[in-house]
Structure formats: structure tokens, C-alpha cells
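I have placed the structure first, in the form of C-alpha cells, so that the comments after it can refer back to it.
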Amino acid sequence: MLIIAPLGLQGKTDPTMNITPRPREISLEKGSFNIKGAGFNHAGSFEGRTVDAIAELADDISAATGKTCSVAGAAGVDRNTDAAILKGVFFLTDSSMEPENYKIVITKKGMKITAPDHNGFYYAIQTLRQMLPVGNYKAVASTGSWSLPCGTFSDGPRFPYRGMHMDPCRHFWSVEETKRYIDVMAMYKLNRLHWHLTDDQGWRVEIKRYPGLTEVGAFRKGTMIGRNFQSSDGRRYGGYYTQDQIREIVDYAWTRGITIIPEVDLPGHMVAALATYPWLGCTGGPYDVWTIWGVSKDVLCAGKESTFVFLEEVMDEICELFPSKYIHIGGDECPKDRWEKCPDCQALIKEMGFTTDGKGTKEQKLQNYVTFRMQDYLAEKGRKIIGWDEILEGEPSPGATVMSWRGAGGGIDAANRGFDVIMTPNDYMYFDYYQAKDGEGEPLGIGGFVPLDKVYGFDPCEGISPDMQKHILGVQANLWTEYIATPSHLEYMLLPRMLALAEVQWCSEGNRDYGRFTADLKAHQERILDLLGYNYRK
Ligand code: ACM
Ligand code: ZN
């Protein structure tokens, strides 16, 4: 960060100090502007959600200060208007700026905020909220100064894809809990929620064409206890989101600048669907929704056309529910044991002429075929696929985006081969892993060790040739919930690591400094996260 002459601030705490993720450039001047009771104005072509976010900020400041900030459209003012003559707070569209960027110019009389899109304005608002007394987050009366320092803030993200993943399959999270997760993502400028909606232990999205998926597939007979794979607590467990709830959550996220990317994990991790419709499997079952963790040998039968009819009809409804350009089709951990023995799968392999060669086994090529077909089908609907890095095995299809989870190696290789990549390497970005060595003093977890400094130190473009770095769309952390059953444990695993993730996603390498970050973090924990009641690891 560049700070030029913080003249007006001597003897005062600098409110720009702890902004996370760190803005690209701040240059401060003498003087300040008091936002208490200021008039808020907006001019330009705004989306409704942007106007709502502006009004919400004004209302929250009004409630926290006891002085009303009015909100109105502003005639005769545009992005070229000199900030020095503006009295009050002005939001002005500037479509010449880079996506999601914003600029705030503060003078003694007022403030001019320019951005090209909703997210840019939304992020300017988040930056302002972090500088103001913490009561603005909850509209509660708050001590502290409502003055903002004069100067210019120019900011924007390093990566366009800034994701966090959520797993409601192993343990289910209510609509309200999901919204709290989205809230904290939005505060720190993340813009993608990867929602893992189907797995062996539960199917979580209502599909009208296949009601059994949520009548049967959303519930399991019990859950293994601790690490004992032979055990079960014997308690029926489950839940799902109705299509109305899905739309509510998609809209909630969208107003906060977050696109939800749904995942239907296929052709493995499908036991919940097999338990509902055994004809989807190679052996015909019967199958039960899984009560233990791990990787099942029972997967979708790729040799039966009825499987593809099912998948396409599921995707029809998924695409209606989720406007996201990307649909995640999973692809991870699909053992080939059943396919090797299944007459239908082997007949299709023969018909297609798949052979085992240096590129992969004939069953891997059958998985490539499944991936191609889903990619083609979704492309007809104008969508693109994301798949876990297993989709690179065999003969991967051009145009797929790869989510690199088994370390960064798959992603490095994929980017160098020209695939778009989202980096989610387990050794840096698996937030289900412990935050202390050997899990010492931590609640029982899946294992691993991903402390805060490890997350912070991840370099997403390391090992990728400079001309191929454009294929790194961004970074995401994954939070699988096999061993996480309560909202407070979920938040404990998410925070504070998600703030480190936010800087990896947002800040240039030169703007990252772990010492500065941890000092900022203390302020965030003690002010914002405590006020909002988030649980985090101290
Ligand atoms: C994964 O963790 N199986 C993608
Ligand atoms: Zn089969």
C-alpha cells in the first residue's frame, strides 16, 4: 500500500489502517469529512441491488449515529464532476473502469465514489464500513469518530474468481446459516460460493422431475461416530433446500456480489442418488445413503443411456435455479471397479473404441466421455463446466475449467496446457484441515495442517509461465464438513483463515505482508467478528 503524507491524522488512530483485504493504493491528504448525517446521492445507470446497498449503508449509519443520512438521485452530476465541489456522498458510475474496481475520493466537503459495476460499488461500501465505527455493521449505537480522512482510494482485485466452498452434504446448513456464511464472504470481497449440493451422504437440492432425490436421497439412517467407520449413531439425519429456498439464497448472494456455482458431483459421489434410483448404478443395488465418510466404489453407470437422461433433466432444473455461467460437475474420486465389471459400461467402451494406452485406461476414457457429454449439454444452455482435477486424466476436453485440489501440480500443468484453472490446493486451501500441528488442542477433524500463515503464503501463479498466468482465474478454499457438525465449528474452521484467503485473492504479491496482516486481523476479530458473533480461532 502507498500512503502519502497522512497529515490530518497525527495523534489520531488512522481508520485506513486495518482494511482487509488491503486496498491497492491509498493516498491521504490533510483534513477529514464527517459522514454523520451526510446526504447520499447516486447518479448513473444503477442496478436495483446497488441502490439497495447504498441505502442500506445510509440507513445503518443513520441508526448508529442517531442522525439521518438521506438518499436521493443526483441530477446534473456525473463521474467527471470535480470531487472538490461535491457536498455529501456521491456514487457515480464510471464504465471505463476495470470490473469490480472502485475509487473513493474524500474531500473536506464530501465524497465521490466511482465504480463500473455493482461489485465495485459494493466493495467501496465494504471499505467504508471497515473504516467507520463498528456499529455501522449492525446499526447499533457506536462510539468513535465518523470522520473519514481526505484522500484517494484506488482499489480492485488481483483475480476475477475469489471463491469459498461450502459442503451441506456431510452436514447440513440451514438457510440462515448459509446466509451468515455469505455475509462474511461478502464483507471480505469474495465473489463466488461453490455450493457442493450432492454427495454420497445426502442429496440437498430439490429436483421437481425426481422428487425421490429429496424424499429418500436427502436422509441417511445414521452417521459414523468420530473416526470409527464401523459405528453409527443410529439417528436419521438429513435435510435439503427447496427450490424456493435455493432461489432465496441465490438472490441473497447476488445482492452481495456473490455468484453461486452449484456442484452436482458426477459420476462418483452419487450414492444418495443411487439409493433413490438404483437403476442409476451398474449393479442395480440396493444401495443406502452413506452413513460413513470416504470414497464409494458405487458410482453412476456410464453405460446406460438412462443415466444421461437423468443427468440432463437434473441439469435442466439446476440451470433454471442458478444463473451462474459455470456449473461444477465434480469428477473427483470415481473408482472404476464397477465399470470394469459392468456389461453396459464395457459395451459402451467397445462401441466407442476406447482403449487403454499411454494417455489412460479405457475406463478413464469412459469418464472423459461422461464429462464431454455434460459439457456439451451445458454448452447448449450457454454454460461452462468446472471439474475437479481428475478430469485432466485420460483425454480432457478443451474448454473445461479445472479446479486443482490434489496440490497445485494439476493446476500448474493444466494452465501450462492452456486450460483455465481455479487453484484450491489441499495443502494450502483445505479449511477442513487442522489449524494446529497434529490437531493438538483442536476439535476432531479430518487431519492435515493448514495454519493461517500457510494460507497467506500461497502463491497462485508459482510454476506457471508468464504468458499462461492469465489462465489462473483465481483461488478458492474448500471446507468439507465430514467432521464438522455445528455452525460454531464451521465458523471456527472458516475464520480467520478466510481473511488470509481474501488477501491472496485480492492483493498483488507486493501488497501482501503477513506481519501487517496479522496486526489488521486482531482489529477485525476484536471489532467486527466479535460484534457479529462469528466464532473464530484465536
Ligand atoms: C475433493 O476434495 N475430493 C475434491
Ligand atoms: Zn455400468
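Details
- Residue tally, condition touching a strand residue (DSSP E or B) at 6+ places or on another chain (Cβ under 6 Å) and aliphatic (A, V, I, L, M), over the range 52-78: 7
- Selection count where residues are assigned to a loop (DSSP other than H, G, I, E, B), within 24 Å of Lys381 (Cβ to Cβ), open to solvent by less than 30 Å² (accessible area, probe 1.4 Å) and of a type outside the set (Gly, Ala, Ser), scope the range 262-300: 3
- Residue match in the range 496-503 (condition: open to solvent by 20 Å² or more (accessible area, probe 1.4 Å) and out of contact with any Leu (no Cβ under 8 Å at 6 or more places or on another chain)): no
Residues are listed down the side, and each one gets a yes or a no for (1) more than 16 Å from ligand 1 (Cβ to nearest atom); (2) over 25 Å from Gly418 (Cβ atoms); (3) in contact (Cβ under 8 Å) with a residue 60 or more places away in the chain:
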residue: Val314; (1), (2), (3): yes, yes, yes
residue: Cys319; (1), (2), (3): yes, yes, yes
residue: Ser324; (1), (2), (3): yes, no, yes
residue: Gly358; (1), (2), (3): yes, no, no
residue: Gln367; (1), (2), (3): no, no, yes
residue: Thr371; (1), (2), (3): no, no, no
residue: Gly382; (1), (2), (3): yes, no, no
residue: Gly387; (1), (2), (3): no, no, no
residue: Gly394; (1), (2), (3): yes, no, no
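- Elements of type strands (runs of 3 or more DSSP E) in the range 91-196, at least 1 residues being open to solvent by 10 Å² or more (accessible area, probe 1.4 Å): 102-106, 110-115, 147-155, 192-196
- Residues satisfying the stated conditions in the range 27-36, i.e. open to solvent by less than 30 Å² (accessible area, probe 1.4 Å) and either among the hydroxyl-bearing types (Ser, Thr, Tyr) or closer than 23 Å to Asp78 by Cα (or both): Ser27, Phe33, Ile35
- Residues in the range 491-510 include at least one that is touching a Ser or Thr at 6+ places or on another chain (Cβ under 6 Å), away from ligand 1 (no atom under 16 Å from the Cβ) and more than 27 Å from Gly387 (Cβ to Cβ).
- Total residues in the range 320-370 satisfying the condition of being within 11 Å of ligand 2 (Cβ to nearest atom) and of a type in the set (Phe, Trp, Tyr): the figure is 1.
- Scanning the range 62-82 for residues that are surrounded by fewer than 20 Cβ atoms within 10 Å (Cβ to Cβ) and of a type in the set (A, V, I, L, M, F, W, C) yields Ala63, Val71, Ala72, Ala74, Ala75, Val77.
- 2 or more residues more than 32 Å from the chain's Cα centre (by Cα) and farther than 28 Å from Ala502 by Cα: qualifying strands (runs of 3 or more DSSP E) within the range 9-88: 25-34, 71-73
- In the condition set (1) over 25 Å from Trp405 (Cβ atoms); (2) touching a residue at least 40 places away in the same chain (Cβ under 8 Å); (3) within 16 Å of ligand 2 (Cβ to nearest atom), Thr276 is compliant with all but (3).
- Qualifying position, being out of contact with any Leu (no Cβ under 6 Å at 6 or more places or on another chain), of a type in the set (D, E, K, R) and either within 16 Å of ligand 1 (Cβ to nearest atom) or open to solvent by less than 20 Å² (accessible area, probe 1.4 Å) (or both), among Asp332, Asp337: Asp332
The values are calculated or read from the model by the stated rules, or taken from the named source; none is laboratory data. In this text the structure is predicted, and so the values were computed from the model without any measurement. Neighbour counts are summed over all protein chains in view; Cβ atoms, including those assigned to glycine, are modelled from backbone coordinates with ideal geometry. These area figures cover heavy atoms from the full protein model, side chains too; ligands, DNA and RNA do not enter into them. Shrake-Rupley method; radii C 1.70, N 1.55, O 1.52, S 1.80 Å.
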